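Asker: Sharing a structure below in C-alpha cells format, with a few things to ask.
The values are calculated or read from the model by the stated rules, or taken from the named source; none is laboratory data. Since this is a predicted model, take the numbers as computed values, not measurements. For neighbour counting, all protein chains shown are included, and Cβ atoms are generated from backbone atoms with ideal geometry for every residue, glycine included.
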Ligand code: UDP
Ligand code: MG
C-alpha cells in the first residue's frame with residue numbers, strides 16, 4: 001500500500017490540533033492508503049506542542065517535529081518534507097481552512113499520474129479590499145516576474161515523491177514557496193474549493209506581513225526590477241539631456257530669463273527619487289545575497305519522533 005504523508009505546520013494552534021487529527025483520520029479511514037500525519041510545531045508559545053505530544057503518545061500515525069523557535073510556515077513545511085517517508089505528501093494548514101474532504105480528490109490526481117495536485121481556493125469570505133488588492137498584486141507579479149503565480153493556489157497541495165525531492169534540492173534560505181512550486185515544473189492538476197473561515201485561533205498574517213510577503217514574491221524570482229531601474233534611469237537621463245539641450249538653445253537665442261529655481265529643484269528631486277528607488281532595489285538583492293552566503297539552515301529541530309532524525 002502506498003504511504004501518504006500529511007504535513008501540518010502549526011504555530012499557536014492548540015485549539016485546532018485535536019480536531020484536525022480527528023478529521024484527517026476520518027478521511028483516511030475508508031481510503032486504501034497508509035498514512036502518517038507529520039505535525040511541525042513552529043515554536044508555538046501556547047499548548048500546541050503538548051497537544052501534539054499527547055496525540056503522539058497514543059497514536060502511531062502521528063509524527064512530529066518541534067522547532068527551536070518560530071521559523072515561519074515555509075521553514076516548518078520544509079522541515080516536515082525532510083522527515084516524511086510518504087510516496088506523496090499533502091501540505092495542509094492546521095486551522096481546518098484546508099478542507100480534509102479534498103484529500104480523496106488530491107490522491108485521485110496523484111493516481112492519475114500528476115506530480116502536483118493543487119487545491120485552489122476561491123476568495124469567498126475575504127474582504128472586498130483584500131480580494132481586490134490580491135488580484136491586482138497577482139496581475140502585477142505575473143507581468144514582472146519569470147514564474148507563474150496564480151491567485152488562490154497556496155500551500156494546500158499534494159506533491160509526489162519526485163516533487164518533494166525536487167523541492168528539497170532547492171536549498172535557498174529566502175523561500176517563497178509559491179515560486180518554488182512553480183519553478184520545479186512537473187505536471188500539475190488543479191482542483192477548486194470554496195474558501196473556509198478558520199475554526200479557532202487567529203490568523204498570523206498582519207497587513208504588513210502580507211506586504212512583505214508580496215515584496216518577497218516579486219524579488220525572489222527575478223532580476224527584472226533591476227532592469228526596470230536601468231531602463232527608468234536611462235529614460236530619465238535621455239529626457240534631461242533633451243531638456244538641457246532645449247534650454248541651452250533658448251539661452252543662446254534669448255538670453256537668461258527667469259532664475260530657473262523651479263526647474264533646478266524639480267530635476268534634483270526627480271533624479272534623487274529615481275536614484276533612491278534604484279538603490280533600494282539593488283539593496284534588496286544584496287541583502288538576499290548576504291542571507292544566502294551565510295548558509296544558515298532554514299530551521300533547527302528541538303525534539304522529534306520522526307525516525308531518521310540524526311542531527312542533534
Ligand atoms: N504557521 C506556522 N508558522 C508561522 C505562521 C503560521 O507554522 O509562523 C501555520 C499556522 O499554524 C497554520 C498555517 O501556517 O497552520 C497558516 O497560517 P494562518 O492560518 O495564520 O494563515 P492564513 O490562513 O490566514 O493565510
Ligand atoms: Mg489560516
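Asker: Is it the case that some residue within region 120-137 is surrounded by 18 or more Cβ atoms within 10 Å (Cβ to Cβ) and either without any contact (Cβ under 8 Å) to a residue 24 or more places away in the chain or within 13 Å of ligand 1 (Cβ to nearest atom) (or both)? Steps first, answer last, please.
Answerer: Initial filter on region 120-137 (surrounded by 18 or more Cβ atoms within 10 Å (Cβ to Cβ)): 121, 137.
Going one step further and asking which of them are either without any contact (Cβ under 8 Å) to a residue 24 or more places away in the chain or within 13 Å of ligand 1 (Cβ to nearest atom) (or both), we end up with 121.
Within region 120-137, one or more residues are surrounded by 18 or more Cβ atoms within 10 Å (Cβ to Cβ) and either without any contact (Cβ under 8 Å) to a residue 24 or more places away in the chain or within 13 Å of ligand 1 (Cβ to nearest atom) (or both).
A quick yes/no check of all residues on (1) surrounded by 12 or more Cβ atoms within 10 Å (Cβ to Cβ); (2) in a helix (DSSP H, G or I):
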| site | (1), (2) |
| --- | --- |
| 204 | yes, no |
| 218 | yes, yes |
| 229 | yes, yes |
| 241 | no, yes |
| 263 | yes, yes |
| 267 | yes, yes |
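Asker: Would you check if residue 78 is closer than 18 Å to residue 158 by Cβ, within 13 Å of ligand 1 (Cβ to nearest atom) and touching a residue at least 60 places away in the same chain (Cβ under 8 Å)?
Answerer: Numbers: closer than 18 Å to residue 158 by Cβ: yes; within 13 Å of ligand 1 (Cβ to nearest atom): yes; touching a residue at least 60 places away in the same chain (Cβ under 8 Å): yes.
Spelling it out, residue 78 is indeed closer than 18 Å to residue 158 by Cβ, within 13 Å of ligand 1 (Cβ to nearest atom) and touching a residue at least 60 places away in the same chain (Cβ under 8 Å).
Asker: Hey, among the residues in region 15-35 that are outside any helix (DSSP H, G or I) and either over 26 Å from residue 204 (Cα atoms) or at pLDDT 95 or above (or both), which one's nearest to the chain's Cα centre (by Cα)? Give the derivation first.
Answerer: Within region 15-35, the first condition is being outside any helix (DSSP H, G or I), and the residues that meet it are 15-16, 29-35.
Filter once more, so that each one left must be either over 26 Å from residue 204 (Cα atoms) or at pLDDT 95 or above (or both): 29-35.
Numbers: 29: 31, 30: 33, 31: 30, 32: 32, 33: 29, 34: 29, 35: 26 Å.
Restricting to residues being outside any helix (DSSP H, G or I) and either over 26 Å from residue 204 (Cα atoms) or at pLDDT 95 or above (or both), the top hit is 35.
Asker: Here's a follow-up. When only residues in region 179-192 that are in contact with a helix residue (DSSP H, G or I) (Cβ under 7 Å, 6 or more places away or on another chain) and not in a strand (DSSP E or B) count, which is farthest from ligand 2 (Cβ to nearest atom)?
Answerer: Keep residues of region 179-192 that are in contact with a helix residue (DSSP H, G or I) (Cβ under 7 Å, 6 or more places away or on another chain), which gives 179-180, 184, 186, 189, 191.
Within this subset, residues satisfying the condition of being not in a strand (DSSP E or B) are 179-180, 184, 186.
Working: 179: 20, 180: 20, 184: 24, 186: 26 Å.
My answer is 186.
Asker: Moving on to the next point. Condition test on residue 301, is it surrounded by 13 or more Cβ atoms within 10 Å (Cβ to Cβ), under 30 Å from residue 54 (Cα atoms) and at pLDDT 80 or above? Can you show your working first?
Answerer: Details: surrounded by 13 or more Cβ atoms within 10 Å (Cβ to Cβ): yes; under 30 Å from residue 54 (Cα atoms): yes; at pLDDT 80 or above: yes.
So residue 301 fits the description; yes.
Asker: Scan region 96-116 and give yes if some residue there is touching a helix residue (DSSP H, G or I) at 6+ places or on another chain (Cβ under 6 Å), more than 14 Å from ligand 1 (Cβ to nearest atom) and either modelled with pLDDT of 95 or more or within 26 Å of residue 173 (Cβ to Cβ) (or both), otherwise no.
Answerer: Yes; the residues of region 96-116 include at least one that is touching a helix residue (DSSP H, G or I) at 6+ places or on another chain (Cβ under 6 Å), more than 14 Å from ligand 1 (Cβ to nearest atom) and either modelled with pLDDT of 95 or more or within 26 Å of residue 173 (Cβ to Cβ) (or both).
Asker: Give me the pairs, please: first residue somewhere in region 275-288 and in contact (Cβ under 8 Å) with a residue 24 or more places away in the chain, second residue anywhere and not in a helix (DSSP H, G or I), beta-carbon distance under 8 Å, and either six or more positions apart or on two chains.
Answerer: Correct list of pairs: 285/223; 288/174.
Asker: Something else: Would you be able to tell me the number of residues in region 91-119 that are away from ligand 2 (no atom under 15 Å from the Cβ), in contact (Cβ under 8 Å) with a residue 24 or more places away in the chain and more than 18 Å from the chain's Cα centre (by Cα)? If you could, list the steps in order and put the result at the bottom.
Answerer: We begin by selecting, within region 91-119, every residue away from ligand 2 (no atom under 15 Å from the Cβ); these are 101-118.
In the following step, the residues that additionally are in contact (Cβ under 8 Å) with a residue 24 or more places away in the chain were identified as 101-107, 109-110, 112-118.
Then drop every residue that is not more than 18 Å from the chain's Cα centre (by Cα), which leaves 101-107, 109-110, 112-115.
Of the residues in that region, 13 qualify.
Asker: From 52, 6, which residue is surrounded by 15 or more Cβ atoms within 10 Å (Cβ to Cβ), within 20 Å of residue 157 (Cα to Cα) and within 16 Å of ligand 1 (Cβ to nearest atom)? Break it down stepwise before answering.
Answerer: Details: 52 fails: within 20 Å of residue 157 (Cα to Cα).
Going through 52, 6 in turn, the sole match is 6.
Asker: Next question, about the same structure. Of the residues 212, 195, 165, only one is outside any helix (DSSP H, G or I) and out of contact with any helix residue (DSSP H, G or I) (no Cβ under 8 Å at 6 or more places or on another chain); which?
Answerer: Numbers: 212 fails: outside any helix (DSSP H, G or I); 165 fails: outside any helix (DSSP H, G or I).
Answer to the selection: 195.
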